Amino acid sequence: MTTPIILPWPFRSSLEAATWALLAPGDRSYIDFSRPAGEAALVSPDSVSWRVFKNPLSLFIGGVTAVIMELAEPRVRTGVWEHTTFRVDPIPRLRRTGLAAMATIYGARSTAEAMITRVRRMHDMVAGTTPSGEAYCANDPELLNWVHGTVAYGFLQAYHAYVRPLSQSERDRYYAEGIPTAGLYGATGAPTSEADLEMLFDATAGQLERSDIVFEFLAIMRSAPILPLLLRPTQHLLVRAAVDLTPRWLRTILGLNEHNLHAWEAEVVRQAGAFADRLVLESNPAVQASRRMRLPADYLYVHQTPIATNTLS
């Protein structure tokens, strides 16, 4: 069993403020994960997903990995780069995306479903043509399957590699847990297991391509003031950790094979990830959602150590 960490007040206060800032886009989209009291989420508290998404460090790493993979698909890349404010104002966009991901796991069902409906309406207006002349629409189920699969992969693999290993059955359970949410978004063929994910990779690999936009995205992620000031010196390392999680075959396509982590750097990230996995913060949606469900604040922070298994490569 692990022991949750409750920091002394001065340090806890700073981290609480930082966590709040990361999930507050600056508009009216903030979600109170502690309400309505007793209302269930789309995913149950005893799920693998609830444990994985509580870790802010692995979420940052996994989110970057997911976007790298999404931007390899030319239709997704064009939609993201031409229809969002990411290039000119990345931080609010990242916060909104992070808040949406948290809402699908920890938000009350009514809150999550309403948010997904809004997102689908916005996606209805995202359509166009890639530079090579291929038409796209953000609500195309094929593209949604790719986005959902890469997001699920990024968050899971970051936790698996840099926090604690998950067994094969836990990983398969995690993918299966995401299917109801994927369906609400319109992803009708999202992977239900790790084997399904590999099939999605095989089916999509021929459509993926190198683009300078991937390198522009990574430059933004290294330099934008995303993390709290005290953690900002680690941002470059965490971005490289995200690149390292990208499947080797896709790194070759994208020209990212020179961004690998050294063994000692990977160990530093793992130690930080393990520490973050024990850190109980009231501003964390995982803690707020646990309280909404009348569970202890540290409900997700006490667990058995799993058996290590192989990762995807």
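Only the coordinates and a few stated rules stand behind these numbers; no lab work does. Quick caveat: nothing in here was measured; it's all calculated off a predicted structure. Methodologically, a virtual Cβ is constructed for each residue, glycine included, from the backbone with ideal geometry; neighbour enumeration extends over all protein chains shown.
The table that follows gives values for the structure above.
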quantity	calculated
Electrostatic dipole magnitude of the chain [Cβ: Lys, Arg +1; Asp, Glu -1; Cα centre; debye, to 20]	900
For the chain: relative contact order, % (alpha-carbon pairs under 8 angstrom, 6 or more apart)	33
Matching label, P(r) over Cα pairs in 20 Å bins from 0, in percent computed from the structure shown, candidates [x] 32, 59, 10; [y] 35, 59, 7; [z] 33, 62, 5	[z]
Rounded if a/c under 1.5, otherwise prolate or oblate - region 219-262, Cα gyration tensor axes	prolate
Rounded tilt (10° steps) of 109-124 against the dominant C-alpha axis of the chain	20
Using a Förster distance of 22 Å, the FRET efficiency for Gln207-Thr252 (Cβ separation, nearest 0.05)	0.90
